[in-house]
Amino acid sequence: MTTRLILIRHAKSGWDDPTLDDHDRPLAPRGVAAADEVGRWLSVPGVQPSLALCSTAKRTVETLDLIVGDWAENPVTRYVPDLYLASAPTLLRVLRQADATDVMMIGHNPGLTDFAVMLATAPVKHARWTDHPTAAVTILHFDAQSSRAVDFGTGTVAAFVCPADIQG
């Protein structure tokens, strides 16, 4: 059985209000546009996941809302405080606890990039692979019964795209 994981770094956040706590920063207009574009790109039938795990930060919640906004069916969503600025080992722990076969995770760098790179069996030939810009998407497939059995170095990258790759 195959388990699929879609990793998404939150879209570009705003820095207009320096008094806001980092956790409370909203998306910038550029981030809204990028999240919409990513949502359209992922809206192909059969691509939408059944479960979404999302950091509780405002920018990740807004990214998720925009991505799934036009989907015919929204995934079951869990907002996970441990995903806020999580390291790769923490992301793996949260993924394993989900015990699902089709998961989307929305989080933050540097942990999200580290996680994707550590999961992949081979690097991706893309200039941004090792720094996942905002709203970047990585889709990985694992020869595993569920996310509980996912481990580092076992994922085949099916796709890696940045908003700049799909805009237009």
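Could you list, in sequence order, all residues of the range 53-100 that are of a type in the set (D, E, K, R) and closer than 27 Å to Gly153 by Cα? Across the range 53-100, the qualifying residues are Arg78, Asp82, Arg93, Arg96, Asp99.
Counting only strands (runs of 3 or more DSSP E) wholly contained in the range 70-157, the ones carrying 2 or more residues that are crowded, with 18+ Cβ neighbours inside 10 Å occupy 102-107, 137-143.
Any idea which residue in the range 1-20 is farthest from Thr130 (Cα to Cα), counting only those that are modelled with pLDDT of 95 or more and among the charged types (D, E, K, R)? Filtering first and then ranking leaves Arg4.
Take the conditions small (Gly, Ala, Ser) and in a helix (DSSP H, G or I) and apply them to Gly46. Does it pass?
The answer is no for Gly46.
A search for C-beta distances below 6 Å between a residue of the range 1-25 that is in contact (Cβ under 8 Å) with a residue 40 or more places away in the chain and surrounded by fewer than 19 Cβ atoms within 10 Å (Cβ to Cβ) and any residue that is of a type outside the set (Ser, Thr, Tyr) and assigned to a strand (DSSP E or B), counting only pairs 6+ apart in sequence or on different chains, returns Thr2/His141. If you go through the range 29-48 and keep only what is open to solvent by less than 20 Å² (accessible area, probe 1.4 Å) and of a type in the set (A, V, I, L, M), you end up with Ala34, Ala35, Val38, Leu42. Checking each residue in the range 1-40 for being assigned to a strand (DSSP E or B) and hydrophobic (A, V, I, L, M, F, W, C) picks out Leu5, Ile6, Leu7, Ile8, Leu27.
I'd like the full set of residues that are small (Gly, Ala, Ser) and over 14 Å from the mean Cα position of the chain (by Cα), limited to the range 107-150.
Residues satisfying the conditions are Ala120, Ala122, Ala127, Ala144, Ser146, Ser147, Ala149.
Against the conditions (1) free of Cβ contacts under 8 Å to residues at least 40 places away in the same chain; (2) on the phi > 0 side of the Ramachandran plot, Ser87 satisfies every one except (2).
With Leu51, Leu64 as the choices, which residue is touching a Pro at 6+ places or on another chain (Cβ under 6 Å) and buried (at least 17 other Cβ atoms within 10 Å of the Cβ)? Checking each option against the conditions leaves just Leu51.
The values are calculated or read from the model by the stated rules, or taken from the named source; none is laboratory data. From a predicted model like this one, the values you see are computed outputs, not experimental measurements. When we count neighbours, we look across all protein chains shown, and the Cβ atoms used for this are built from the backbone with ideal geometry, even at glycine. Heavy atoms of the whole protein, side chains included, go into the accessibility calculation; ligands, DNA and RNA do not. Shrake-Rupley method; radii C 1.70, N 1.55, O 1.52, S 1.80 Å.
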